[in-house]
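Every number in this text was worked out from the coordinates using simple rules, so none of it is lab data. Everything numeric here is computed off the predicted structure, so don't read it as measured data. With ideal geometry, Cβ positions are generated from the backbone for all residues, glycine too; neighbour counts draw on all protein chains shown.
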């Protein structure tokens, strides 16, 4: 990576903002209307077209967490932070996010969902893993990512992944084995294979953010790999491909899905870096919109859930006495999308104002506690 | 018969008194070395018969212009290519700048021979081949290491003691022989028939840079003497002539000296006679044993050789010399050396030419008047310096008759220890002189260093062997 | 002219484009000699009468002309004039002038050619040594970050090391000629060679070039060694981390298997 002054990369902000936008839309539609459930299985019909770009949101977020961590490392090393200080800060941030994620599960969802290993706890675990991975050569980090991807299907088979999923939701018992298995393999965002995203982001960041044509080659390779896996799935008997290995599914994150989204995110970052990063970037309006959102991605994640989940629980309790009685059936998709858009507009304004007036948000809390 | 050795404690009560007879290079080198190396205080007294120190290291000035010239030793010898060179180290240690001296041209029979090509051109290939053969033989007869060690005890056994003229007879070409004789005559300071082959070879091989190089001290070689004198703590008595030396029963010596009308006697623990061999008869050794020893010493070393120096001051800069030589060898006067003393000084307003005549020619010419000598010297100037004949402002003549010692054929040098202590019965009487080595300043230093080492080591031993001082002891 | 001065490879003589300076005798001529190393030397030959010593007025007048002529290509600072007994020699890199009796000219040319070859070889070593030292700073700095080197940089360091060794070898081969003691009795060739070596300070330059080559060799070797050691160390570290990753994944597999089997029972 060429030594640069510590500045935000517009490409990362834009991609993260787009991922947030997709995530908000997906969650609003998923939780307020339930007219499709193809997120839990191979997509079919028109939902296939709908699902494909939104399926990139979580991978993009996880991938960018690794990229941002790499840049954060470089920045703090340049500021003179010692290796020990950086490691301890990383661990504190990781633990903060895990604790926050667990608390979020309890407070926003339901107490029994505390160990569903959602994206927030996963990002925290990813930070802890990156605190160790930062000491490794980049080649070893990529090797670790490849190993995670390769062993994930086997782990799912061994752990009987399908038994933990009912009607598209993760369901577990409060036993140590289920909790650990959920964290490792069977949860929403388990270590295997989701750890591959931040690891690849961390290792590939210097090359993706350089001027050479290498990023294109990396991305093209990954896209090709996933295409090959998908093609194999399409042409070979299901028994050979093992079902989940060749399918494009997010839950579980199939091999084709992981490889394809990795390739896509690498490609997206490389393209955006060429377009948006530099002395005279294009799309200044896009950067101006995206940067505050990216800065407050954690707050937006928490807020958008609070904004559409808590009223849902309150409405359910008020009407039927069961908080989840209206879950996935309160609005049609069009209304859900509109509400998501409305939230995005409001959220954008909020982030802009918070940035200008330095209103403390979740990110500043994290920095104050962990840095 | 005096005691063999002085009592061990003799020097322990007071600084030993050392008399050095002769204020030339030998005496000054000896005083300097003793003061440098002695581990205890010494009291040195130098007796010099004239009012000038330095002996053959003499760099006076012309009266017409404040231009210096070398009246005595014209060059110093650099042995560093072969081994340790104490004189070079001394010059360097005193911070005296030096100038290398080079010269290849030998003017013989009207021809200038600067290299083998010239010899072949003028006298044919046979002359060249004969010279090369002689040179090859000379190198095999004396290697650079043997040349360097000449004068030491183990070299003494190896050197050929036959007459040098017999070695020259091997040069079948008369032209080549004439070339060699002209080249070395001024350094030989005697005739080939009157010296050994070893001595002749030394003076031939000294022209080879592999054996030795020549240099002088910028501003005059006398600066060496001046530099030493200013640093000496010794008492220097000029115009004080030592007339007699007598050994006492306690091992000390009574030195009788005269200065003007005054005659005095003093007692010294150690006496070092640093005089030219020709001056030794001027001292009476009152002890019979000592007198006999000194007589034998004189007889063995008294083979006088002669130098004559004629220095010419020009009215302007000297003309450029072919090959930028610092000196030329000319067949005039039986073989003489002509120094272009101002050659390396680009800003010299006056050129200085210095003749060095040696051997019988020097002795013969010395009997003439200064004017006659000067006229002969001017007339003998070779081309292109012959153009200076009408430009002489002033001339100076310095006679060094018997000032050096030749080494006659068949002569065997004594062991080094015997050379420097003629009478073993008189343990504290030493002799220092360049004639004990090679009649050069280098030889003088070697001789002085040998005696000084002997003296300082005996002083150190005496100090260690002395009984402890008690309260009743009082320093003398 | 002496056939021994011709280039063994046959390059030998060429026509020179330089002109004879005005004021020289009519017999003066310029020849171009090509040395074995390919360096060309314009040789101005001026025959004179024997006996016209180098201190003669005619020779003295020629000194300025010759110095100006040889300085034309290399500059006055590099020109030297050596008056021998009845010869005059002027030299600068690329040009030389010899003035003397006809019987001496061949010897003078032999000496000039030999010296020019030594000087050219030494200059080449000096130039190449300087180029290496100019790049040494970057090599030393980069040797602590070998993984950031491009292949071109790696090849560059290796080539500089080889170059330094090659220069050292050439200088050692040159040493016997440059440090040869003066020969006695001298010939015209040896006299001129010694004078030219002395005037151009060939010995000191050779010593300096040898020290520089040795320094360049030491530094580039040390840089290569350091870079190699760092690379090896980092490879070892990488392998160790690979083992750690494999062990972690294996542990995770074991844990999953163990927990899944406990859950099944």
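Things worth noting here:
- Calculated [222 nm] ellipticity per residue, helices only, for chain A: -23000 deg cm²/dmol; basis is -39500 (n - 2.57) per DSSP H run with n ≥ 4, divided by all residues, nearest 500.
- The long axis of helix B:288-301 is offset from the longest Cα principal axis of chain B by roughly 10 degrees.
- Other protein chain C-beta atoms within 10 Å of residue C-beta, averaged over C:202-213: 0.
- Among the residues of C:181-193, the average count of other protein chain beta-carbon atoms within 10 Å of the residue beta-carbon is 6.
- Per-residue ellipticity at 222 nm from helix content only, as computed over chain B with -39500 (n - 2.57) for each DSSP H run of at least four residues, stands at -10000 deg cm²/dmol.
- Inter-centroid distance (Cα atoms) of segment C:216-265 relative to segment B:28-106, Å: 76 Å
- Sorting the segments C:252-262, A:132-142 by their mean number of nearby beta carbons within 10 angstrom, highest to lowest, gives A:132-142, C:252-262.
- Helix axis angle, B:370-379 relative to chain B longest principal axis, alpha carbon, degrees: 40 degrees
- Tensor-based shape of segment B:30-162 (alpha-carbon gyration tensor, a/c under 1.5 rounded, otherwise prolate or oblate): oblate
- Taking C:121, C:37, C:107 as the candidate residues, the one with maximal mean-square fluctuation in a Gaussian network model of chain C, Cα springs under 10 Å, is C:37.
- Peptide B:110-118 shows a mean partner chain C-beta count of 6 within 10 Å per residue C-beta.
- Sorted peptide list for B:435-442, B:286-293, criterion being average Cβ within 10 angstrom, highest first: B:435-442, B:286-293
- Degrees between helix B:222-231 axis and first principal axis of chain B (Cα, 0 to 90, nearest 10): 20 degrees
- Projected label distance in nm at residue C:231 and residue B:36, using a 7 Å step from Cα toward the beta-carbon: 5.7 nm
- Amide N proximity, segment B:258-284 versus residue B:250 label position 7 Å along Cα-to-Cβ, cut-off under 16 Å: B:266-271
- Nearest-0.05 FRET efficiency for residue A:371 and residue C:203, computed from C-beta distance (R0 56 Å): 0.25
- Highest to lowest packing among A:110-123, A:192-205, B:124-137, scored as the average C-beta count within 10 Å: A:192-205, A:110-123, B:124-137
- In terms of its alpha-carbon gyration tensor, segment A:321-360 comes out oblate; a/c meets the 1.5 threshold, while b/c is at least as large as a/b.
- DSSP bridge pairs, the protein assembly as shown: antiparallel proportion in percent, nearest 5: 75 percent
- Shape category assigned to chain A from the gyration tensor of Cα positions, a/c cut at 1.5: rounded
- In chain B, the DSSP beta bridges split such that about 70 percent are antiparallel, to the nearest 5.
- Ellipticity at 222 nm from helices only: DSSP H runs of n ≥ 4 in chain C, each -39500 (n - 2.57), divided by the residue count, give -22000 deg cm²/dmol.
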